[in-house]
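For reference, the structure discussed in these notes is given below.
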Amino acid sequence: MITINENFMKLKAGYLFPEISRRVAAYQKENPQVRIIRLGIGDVTLPLPAAVIEAFHKAVAEMAEAKTFKGYGPEQGYDFLIQAVIENDFRLRGVELKANEVFISDGSKCDTGNIQEIFGLENTIAVTDPVYPVYVDTNVMAGRTGPQNSQGCYEGIVYLPCTPANQFTPEPPREPVDLIYLCYPNNPTGAVATKEALGRWVEYARANKAIILFDAAYEAFITDAAIPHSIYEIPGAKEVAIEFRSYSKTAGFTGTRCAYAVVPQELHAYTRAGEKVAVNPIWHRRQTTKFNGVSYPVQRATEAAYSAAGKRQVRALVDYYMENARIIRTSMEQFGYCVYGGVNAPYIWVKTPNGTNSWEYFDMLLKEAHVVSTPGAGFGPAGEGFLRLSAFGQKENVLEAMDRIGKLA
Ligand SMILES: *Cc1c(COP(=O)(O)O)cnc(C)c1O
């Protein structure tokens, strides 16, 4: 008899975005004349930069000629892209990396989801709450948790509430945990971690022989010069942290797929007997066995994002979304809402007024302003009482959405 991995049955069926779609579709069906504006999405809307498209076309043409055709490439990525990453994303910020510490991949969702399988099942996981659901669900699938309780938390996971009181950047827990997921700039709260806050996490990880998984998918949106872009800007972090970067939100690659993980040579985990084991060769072994690399044209297209023109064009995309973020943040403040984020991240985290819960306020905005948001409760129990508004979208739509919300008061 074939049995199923019953850990999958502990998962709540993909609840948040399907439920949003269901409510939006039902409302639109009853009100076909209404133009609904979506500020709920976490997907980019502007096309790929011209420099990226040009390199993409050129690489596709290379695939059409026997002389320049490429078959399987190195599983961990082509050296031309790895060198561009090391030079632009790290050396320019004073961080030195070796080529074999960078692993090019087809996305940070896959990387942050896959990485847990190289660590023991007995590890205690800590996540911020609210949280990007991938970190939690992949650990549930692996069997590191019990069932979900009535508060929506899985038994065995340490949840670190992110609230206005801690500026959405929790302190390390009192109890020892082994694997810590941090995402800054944060989805969904739009918060950032200062050098000091990250420093306390690095110190904690070093003292507790823990590892930090640092998701920096939104680093390009940082505008405050004092905020670190990489966890490796913190001294000693290479010994305790893996960093994930993605071109999805930065360069518009959500449908093109390219990202990378950094696994430093200095990073160690332990056998149950306490013997030190380097993590880098283990991740290399995992990737070369289960992954066959990102396509050559996509890696060439990604490399072009680091050319002078590419950098300018990527900056223009980010600036466009951040202008939307500014409009949303300042408008909502003007209307009397209590808002967070939107300065170093494309997300604005809005307190729902008068104690309404996040689904009630979601429904109100949909029905009264015809604006789609994302209920904070969908990201974890501590997201209750908040809504996420996304800056990804057309500026005209953002302006109209703000106009409509302003008229509600
Ligand atoms: C969008 C996003 C990513 C990027 O995922 P890709 O698979 O690279 O598209 C990673 N982490 C967070 C928190 C995100 O919101």
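All of the numbers you see were taken from the coordinates with simple rules; none came from a lab. For clarity, every value in this text was computed on a predicted model and none was experimentally measured. Because the Cβ atoms are built from the backbone with ideal geometry, glycine has one as well, and the counts that use them run over all protein chains shown.
Which whole-number percentage describes the relative contact order of the stretch 1-112, with Cα contacts under 8 Å and a sequence gap of 6 or more? Computed over the stretch 1-112, the figure is 14 percent. Compute for the stretch 53-307: radius of gyration divided by Kirkwood radius, i.e. Rg/Rh, restricted to C-alpha atoms, rounded to two decimals. Taking Rh as the inverse mean 1/r over Cα pairs, Rg/Rh reads 0.97.
Counting helices only, and only those DSSP H runs with n ≥ 4, report the 222 nm mean residue ellipticity of the chain as the sum of -39,500 (n - 2.57) divided by its residues, in deg cm²/dmol to the nearest 500.
Working: 12 runs with 138 residues, N = 409.
Here the helix-only value at 222 nm equals -10500 deg cm²/dmol.
Computed packing ranks the peptides 140-151, 248-259, 36-47 as 248-259, 36-47, 140-151, most packed first, by mean other Cβ atoms within 10 Å.
Couplings 3J(HN,Hα) of the stretch 161-177, computed from phi: x, 10, 9, x, 4, 10, 6, 6, 10, x, 6, x, x, 6, 7, x, 10 Hz, in residue order, whole Hz [Karplus 6.51 cos²θ - 1.76 cosθ + 1.60, θ = phi - 60°; x for Gly and Pro].
Each label point was placed 7 Å from the Cα along the Cα-to-Cβ direction; for Tyr270 and Ala226 their separation is 3.6 nm. Using alpha carbons only, the radius of gyration of the stretch 267-364 set against its Kirkwood radius gives Rg/Rh = 1.22. For Thr128, the residues whose modelled amide H falls within less than 5 Å of its own, excluding neighbours fewer than 5 places apart on the same chain, are Leu160, Tyr181. Of the trypsin sites (Lys or Arg not before Pro) in the stretch 1-36, the ones in a loop by DSSP (not H, G, I, E or B) with at most 10 other beta carbons within 10 Å are Arg35.
Sequence-ordered 3J(HN,Hα) estimates for the stretch 370-381 from the Karplus curve with 6.51, -1.76 and 1.60 and θ = phi - 60° stand at 6, 10, 9, 10, 10, x, x, 4, x, 9, x, x Hz, glycine and proline given as x.
Sort Lys367, Lys109 so the one with the fewest other Cβ atoms within 10 Å of its own Cβ comes first. Could you put the intermediate results ahead of the total?
Numbers: Lys367 14, Lys109 19.
So the ranking, lowest neighbour count to highest, is Lys367, Lys109.
Compactness of the stretch 1-92, taken as the C-alpha radius of gyration over 2.2 N^0.38 Å, stands at 1.86.
Most exposed first by the Cβ proxy, i.e. fewest other Cβ within 10 Å, how do Trp283, Trp349 rank?
Working: Trp283 22, Trp349 27.
Least to most surrounded, the residues fall as Trp283, Trp349.
For the stretch 384-389, 3J(HN,Hα) computed residue by residue from phi via the Karplus equation (6.51, -1.76, 1.60; θ = phi - 60°) reads 4, x, 9, 10, 9, 10 Hz, glycine and proline entered as x. Add +1 for every Lys or Arg and -1 for every Asp or Glu among the other residues with Cβ under 13 Å from the Cβ of Trp283, and state the total. It works out to a net charge of -2.
Sum up the charges of everything whose Cβ sits under 11 Å from the Cβ of Ser390, counting Lys and Arg as +1 and Asp and Glu as -1, but leave Ser390 out.
Summing Lys/Arg as +1 and Asp/Glu as -1 gives +2.
When you restrict to C-alpha pairs under 8 Å that are six or more residues apart and normalise by the size of the chain, the relative contact order lands at 23 percent.
Comparing Met9, Ala193, Ala50 along the charge dipole axis of the chain, the residue lying farthest to the positive side is Ala50, per the Cβ-charge model.
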